[in-house]
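Read-outs throughout are calculated quantities, based only on the coordinates presented, and are distinct from any laboratory measurement. The shown structure was predicted, so the numbers you read here are calculated from the model rather than taken from an experiment. Positions of Cβ are backbone-derived with ideal geometry, glycine not excepted, and every protein chain shown enters the neighbour counts.
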Amino acid sequence: MTRHFVPFAAALLAGALAATPVLAEDDAAARDQRWTELRQDVFGDRAVEQSKDVVALDAPVRAEDAALVPMAIKTADPAWIKGLTLIIDENPGPVAARVTFGPAGDAGLLKLRTRVNTYTNVHAVAETTDGKLFDTVRFVKASGGCSAPAGSSEEEAMKGMGEMRLKVRDEITPGKSAQATLMIRHPNFNGMQMDQITRAYTPARYIKEIKVTYNDKDVFSLVSDISLSTDPVIEFGFKPEAKGQIKVAATDTEGGHWEKTFDVPTQSN
Amino acid sequence: MFRLMRAARLAAGALVIATAAAHAAGGPGSASEPDGLWTGPMQSYTPSTLKGAEVVDADGVAALAAKGDAVLIDVAPADRKPPTLPEGALWAPQHRSIPGSAWFPGAGPGDLSPAQEAALKARVLELAGGRLDRPMVTFCHPDCWGSWNMGKRLLGWGFRNVFWFPQGREGWQESDRPTAVVKQDSVWAAAAKAEAGPAAPQ
């Protein structure tokens, strides 16, 4: 009996495979379902409210380079924001960054550069000081960013690992927040990139934590995953005094640890 | 623009390859057709043709799919979990493809074991309902030899209507058509699991 049934079932299956055009509504439903699952994984049963008034996300509709997709998270009332989470839904490691702000930090504008694996929703979730979660979403068209090689060779990409630069973008006025851009030299190998000659995967090695302080007060700490681009670039806000020092500490998944202190404003002759 | 960036990046890699291996790479589609299956780097410039098969673009695939009897075979590799993922980090891969596709991760390499080759052939014939005149469409990503190899295999097994879609999932997305989340073909997954060795799906 079953012997007769198998070819019939196979034919049915083949028919089903061949004729299932997916409507845009179905696609939206599948993407919502993905977010529901991810939200549960990251925030558990906590309520997450959609609100562009609290948190906004600037991301290119169509990215020029999927391995370097800029994301800018803005919050309307920075003093009310304790942390930000950036989630790239379709990336296999979706949580690109979890940022917690300290007393010397300013959550007004945070910029990151990310890898995007395929066309995806991107969520920016803000957590307020009173424990509420607000979310905003953008659809980004980019593809292939996770497997894109970090450079011409593994050796080349590892050169100068851990070197840092910091650029303060604003005039320092005590009591007024300023923006700074931090650049860290690191290949951020995500384990999904293949060496073109050996056909072997370059072992994963990426920055998992960055801590920034100003005059020993926390600006922010960032926990990252495989979705930050090679040579991470992070723009953040901080609350300067007349004179001070920004200290950066970065740790990677292989136990690499780098620290650097920058004078703010920059000491010049 | 994204294609340009990707091409530039591949070209940088290709320069290295050119000195290490015999095949020079002039750009996407510039490789010449090997006689048999390709066993070199899976992600590198492919030929622009596949003897015996028809090369199609996204519109062509959409037209074939709309007719209803084409079998779409995606051989894109599965996302590989980094072994050093920190504890507590979220790993939640899902595969998006052309709606209705059967996904065979790890079926692209030219050097599958005889057991895998047999399992692949049996499963694909089953999906085609045993009809060698069934339109068969193979794809993965741009500059991916896996789909070229799959097309070559289909021809070798006697399929007469083989279509190769070299732009793959990215080409499909760029034509602004929706993708769907697809699971690994269950029969192929079981066969690959039984094999579990160096040639298991990536």
(message) Just want the ordering: B:Arg160, B:Arg131, from fewest to most Cβ atoms lying within 10 Å of their own Cβ.
(response) B:Arg160, B:Arg131
(request) Set the Förster distance to 30 Å, then compute FRET efficiency between A:Thr36 and B:Asp176 from the Cβ-Cβ distance, nearest 0.05. (result) 0.75
(request) Could you work out, residue by residue across B:168-181, how many beta carbons of other chains sit within 10 Å of that residue's beta carbon, and then give the average as an integer? (result) 4
(message) Net charge around A:Gln33, counting only other residues with Cβ within less than 15 Å of its Cβ (Lys, Arg = +1; Asp, Glu = -1)?
(response) -3
(message) Could you tell me the relative contact order of chain A? Use alpha-carbon pairs under 8 Å, at least six residues apart, and round to a whole percent.
(response) 18 percent
(message) Please compute, for peptide A:189-195, the average count of beta-carbon atoms on other protein chains lying within 10 Å of each residue's beta-carbon.
(response) 5
(request) Note down the relative contact order for segment B:61-195 as a percent, whole number, built from C-alpha pairs under 8 angstrom at least six residues apart. (result) 33 percent
(request) Could you let me know the centre-to-centre spacing of segment B:153-167 and segment A:110-126, using Cα atoms, in angstrom? (result) 37 Å
(message) Could you give the length gained by full extension between A:Thr173 and A:Asp26, i.e. 0.36 nm per residue of separation minus their alpha carbon distance, to one decimal place?
(response) 47.7 nm
(message) Report, to one decimal in Å, the Kirkwood hydrodynamic radius for the protein assembly as shown based on all distinct Cα pairs.
(response) 23.9 Å
(message) Can you give me the long-range amide H partners of A:His186? Hydrogens built in the peptide plane at 1.01 Å from N, cutoff under 5 Å, separation of 5 or more residues or another chain.
(response) A:Gly162, A:Asp231
(message) Quick check on segment A:31-118: take the gyration tensor over C-alpha atoms, sort the square-rooted eigenvalues as a ≥ b ≥ c, and tell me if it's rounded (a/c under 1.5), prolate or oblate.
(response) oblate
(message) 7 Å from Cα along Cα→Cβ at both B:Asp111 and A:Thr266: what's the point-to-point distance in nm?
(response) 5.1 nm
(request) Please work out how much length the chain gains when fully extended from A:Lys247 to A:Lys217, using 0.36 nm per residue of separation minus the C-alpha to C-alpha distance, in nm with one decimal. (result) 9.8 nm
(request) Determine the sum of side-chain charges near A:Ile246: Lys and Arg each +1, Asp and Glu each -1, restricted to other residues whose C-beta is under 15 angstrom from that of A:Ile246. (result) +1
(message) Ignoring everything except DSSP H segments at least 4 long, calculate the 222 nm mean residue ellipticity for the protein assembly as shown; use -39,500 (n - 2.57) per segment, divide by total residues, nearest 500.
(response) -7500 deg cm²/dmol
(message) Quick check on segment A:48-264: take the gyration tensor over C-alpha atoms, sort the square-rooted eigenvalues as a ≥ b ≥ c, and tell me if it's rounded (a/c under 1.5), prolate or oblate.
(response) oblate
(request) Just the isolated ones, please: cysteines in the protein assembly as shown lacking another cysteine beta carbon under 4.7 angstrom. (result) A:Cys146
(message) With N set to the number of residues, divide the alpha-carbon radius of gyration of segment A:180-269 by 2.2 N^0.38 Å and report two decimals.
(response) 1.29
(request) Run through all the Cα pairs of segment B:108-187 and give the fraction in each 5 Å bin from 0, expressed as whole percent. (result) 3, 14, 22, 24, 22, 11, 3, 0
(message) Could you tell me the calculated FRET efficiency between A:Arg165 and B:Ala190, based on Cβ-Cβ distance and R0 = 45 angstrom, to the nearest 0.05?
(response) 0.30
(request) Could you tell me which of rounded, prolate or oblate describes segment A:227-269, using a ≥ b ≥ c as the square roots of the eigenvalues of the alpha-carbon gyration tensor, with rounded for a/c under 1.5 and, failing that, prolate when a/b is larger than b/c and oblate otherwise? (result) prolate
(message) Using the Karplus curve 6.51 cos²θ - 1.76 cosθ + 1.60 with θ = phi - 60°, what ³J(HN,Hα) values do you get for each residue of segment B:156-171, in whole Hz, with x for Gly and Pro?
(response) x, 7, x, 5, 9, 10, 9, 10, 10, 10, x, 6, x, 4, 5, x
(message) Given a Förster distance of 25 Å, report the FRET efficiency between B:Asp35 and B:Ala78 from their Cβ-Cβ distance, rounded to the nearest 0.05.
(response) 0.30
(request) Please check which bits of segment A:108-130 a label hung off A:Glu49 would reach, taking the label as a point 7 Å along Cα-to-C-beta and the cut-off as backbone N under 18 Å. (result) A:124-130
(request) Specify the inter-centroid distance of segment A:181-253 and segment B:30-74, based on alpha-carbon positions, in whole Å. (result) 40 Å
